[in-house]
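Colleague: I am attaching a structure below and will ask some questions about it afterwards.
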Amino acid sequence: MASVLVTGGAGFIGTHLCRLLHKQGHDVISLDIMHTGNHPWECITADIRDDIQLDSIDWLVHLAAQVSVSQSIENPDETLSINVDGTASILSSAESARVKRLIFASSAAVYGDCETIPIPEQAPLMPQSPYAVSKIVGEELMRRSQIQTCSLRFFNVYGPGQSADGGYAAVIPAFNRAIESGEQCKIFGDGTQIRDFIHVHDLSRIILLALESDELPAELNVASGVGTSLLQLVEIFQESKPGMLPPLFEDERPGDIHTSIADISILNSTLQIGHLLSLEEGLS
């Protein structure tokens, strides 16, 4: 069993990942700027920009980040400080400690509005927000490292415990919150925007497979490979919640991408990922 440090371990994805790693028998340490509740794994409260000692850590999963595209546009300095300086600091600590493998949480945002659909890993990177820029810089830092690294480009992650105010595919929890409050679901744009949703349970499982893998590419798309428009998402919700109100359409938000579907052929050939939950299964 390995000693695994998860930065951002108290967040949405981090909590699910720590739970899975702990269940598999690994020695798990969560590092986050704030922890709440009690957990059966060790929790360290710190900022990723701090000087952190990582002695005796085998694997490191770097999830901690400022993940909101809109917030990155409003406050780019903060986003670049956390996501670039913080990543550089964590990587330096990992190199000093000779960590065996570092998995970096990158994002589909690095592709921007890509002309090639589905999007392969070799597609041009066209960032449309400071958040996307910060992830591209993080990937470059990983490539230059002397330790084993892999940047996993997460597409739209969803699942239990996700905040409606978060940066990861917040449309689903936002829809849930609106429906529970008897309000209209808000759609920014005309609803034809397409997203590639992956359940957090599948994502966590894929991260574990990546940690255990003998060989990994420098970058890897992590997604379902299935595109769903926001209008289709509304229809899925309506099937299980027939009393929900029709959606409310508002202006598009700056930095939003229209179509995002991953080519997951390299993911499938690199890792034995097995069955992925459909959106209908994941929302049930």
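The values are calculated or read from the model by the stated rules, or taken from the named source; none is laboratory data. What you see is a predicted model, and the numbers here were worked out from it, not measured in a lab. Ideal geometry is used to build each Cβ from the backbone, glycine not excepted, and the neighbour counts take in all protein chains shown. Ligands, DNA and RNA are excluded from the accessible area calculation, which covers all protein heavy atoms including side chains. Shrake-Rupley method; radii C 1.70, N 1.55, O 1.52, S 1.80 Å.
Colleague: When the solvent-accessible surface of protein heavy atoms is calculated with a 1.4 angstrom probe, in what order do MET126, MET244, MET34 fall, highest first?
Modeller: Of MET126, MET244, MET34, the descending order of accessible area is MET34, MET126, MET244.
Colleague: Under a 1.4 Å probe, what is the accessible area of the chain per residue, stated in Å²?
Modeller: Accessible surface, normalised per residue, equals 45 Å².
Colleague: Just order 61-68, 18-25, 260-267, 139-146 by mean Cβ neighbour count inside 10 Å, highest at the front, would you?
Modeller: So the peptides 61-68, 18-25, 260-267, 139-146, ranked by packing, come out 61-68, 260-267, 18-25, 139-146.
Colleague: So what is the 222 nm mean residue ellipticity for the chain from helices alone, if each DSSP H run of at least 4 adds -39500 (n - 2.57) and you divide by all residues, rounding to the nearest 500 deg cm²/dmol?
Modeller: So the calculated ellipticity at 222 nm is -9500 deg cm²/dmol.
Colleague: Moving to a separate point now. With θ set to phi - 60° and the Karplus curve 6.51 cos²θ - 1.76 cosθ + 1.60, what are the ³J(HN,Hα) couplings of region 205-216 in order, to the nearest whole Hz, using x for Gly and Pro?
Modeller: 5, 5, 4, 4, 4, 5, 4, 8, 6, 6, 10, 9
Colleague: Report the semi-axes of the equivalent ellipsoid for region 1-107 in whole Å, largest first, where each axis is √(5λ) for an eigenvalue λ of the Cα gyration tensor.
Modeller: Equivalent-ellipsoid dimensions as semi-axes: 23, 16, 11 Å.
Colleague: A further question on this structure: Quick one: pull the percentage of alpha-carbon pairs in the chain with a separation above 37 Å.
Modeller: 10
Colleague: Pairs of alpha-carbon atoms within less than 8 angstrom and 6+ residues apart define the contacts here; what relative contact order does the chain have, in percent?
Modeller: 18
Colleague: Another question, if that's okay. Please report the accessible area of THR192 (heavy atoms, 1.4 Å probe, ligands and nucleic acids excluded) in Å², nearest 10.
Modeller: THR192 has an accessible surface of roughly 60 Å² with all protein chains in place.
Colleague: While we're looking at this one, here's another question. In whole percent, and with a 1.4 Å probe on the protein chains, what portion of the accessible area of the chain is carbon and sulfur?
Modeller: Roughly 49 percent, rounded to a whole number.
Colleague: What lysines sit close enough to LYS135 to cross-link, taking a C-alpha to C-alpha distance under 28 Å and skipping anything fewer than 8 places away on the same chain?
Modeller: List returned: LYS100, LYS186.
Colleague: Nearest 5 percent is fine: what portion of the DSSP beta bridges confined to the chain is antiparallel?
Modeller: Within the chain, antiparallel bridges account for around 5 percent of the total.
Colleague: Could you order ASP47, ASP27, ASP165, ASP196 by accessible surface area, starting with the largest, using a probe radius of 1.4 Å?
Modeller: ASP165, ASP27, ASP47, ASP196
Colleague: Right, here's the next one. Take each of the peptides 179-186, 90-97, average the number of other beta-carbon atoms within 10 Å over its residues, and list them starting from the highest.
Modeller: Those peptides, ordered most packed to least, come out 90-97, 179-186.
Colleague: To continue, here is another question. So what is the relative contact order of region 7-103, in percent, for Cα pairs below 8 Å that sit 6 or more residues apart?
Modeller: Relative contact order here is 28 percent.
Colleague: Still on this model: Contour minus end-to-end for ARG253 and ASP47, with contour as 0.36 nm per residue of separation and end-to-end as the Cα-Cα distance?
Modeller: Separation in residues times 0.36 nm, less the Cα-Cα distance, equals 71.2 nm.
Colleague: Calculate how steeply helix 230-240 sits against the longest principal axis of the alpha-carbon atoms of the chain, using the helix alpha-carbon long axis, and give the answer as 0 to 90 degrees to the nearest 10.
Modeller: Orientation of helix 230-240: about 80 degrees from the principal axis.
Colleague: Further question on the same structure: Give the value in nm², to one decimal: projected area of the alpha carbon convex hull of region 55-122, averaged over all directions.
Modeller: Averaged projected hull area, Cα only: 5.8 nm².
Colleague: Relative to the longest principal axis of the chain, what angle (0 to 90°, nearest 10) does the C-alpha long axis of helix 171-180 take?
Modeller: With both axes taken from Cα atoms, the answer is about 50 degrees.
Colleague: Under a no-solvent Debye model with one identical scatterer per Cα of region 122-244, what's log10 I(q)/I(0) at q = 0.11, 0.12, 0.15, 0.16 Å⁻¹?
Modeller: Cα-only, vacuum Debye calculation for region 122-244: -0.48, -0.56, -0.83, -0.91.
Colleague: Shifting gears a bit: Counting residues in region 163-225 as N, plug N into 2.2 N^0.38 Å and put the Cα Rg over that result.
Modeller: In units of the globular-protein estimate, region 163-225 measures up at 1.48.
Colleague: Pairs of alpha-carbon atoms within less than 8 angstrom and 6+ residues apart define the contacts here; what relative contact order does region 148-216 have, in percent?
Modeller: Result for region 148-216 is 35 percent.
Colleague: What's the angle, to the nearest 10 degrees (0 to 90), between helix 130-143's Cα axis and the longest principal axis of the chain?
Modeller: 30
Colleague: Evaluate E = 1/(1 + (r/R0)^6) for ASN38 and SER163, where r is the Cβ-Cβ distance and R0 equals 22 Å; express this FRET efficiency to the nearest 0.05.
Modeller: Working from the Cβ atoms, E equals 0.65.
Colleague: Sticking with this one: How much length would be gained if the chain were fully extended between GLN238 and LYS100, taking 0.36 nm per residue of separation minus their Cα-Cα distance, in nm to one decimal?
Modeller: 45.0 nm
Colleague: With r defined as the distance between the Cβ atoms of PHE188 and SER145 and R0 fixed at 30 Å, what FRET efficiency is calculated, to the nearest 0.05?
Modeller: 0.20
Colleague: If you don't mind, there's one more thing I want to ask. Expected output is a single nm value to one decimal: the length gained when fully extending between ILE273 and ASP113, i.e. 0.36 nm times separation in residues minus the C-alpha distance. What is it?
Modeller: Gain on stretching ILE273 to ASP113: 54.9 nm.
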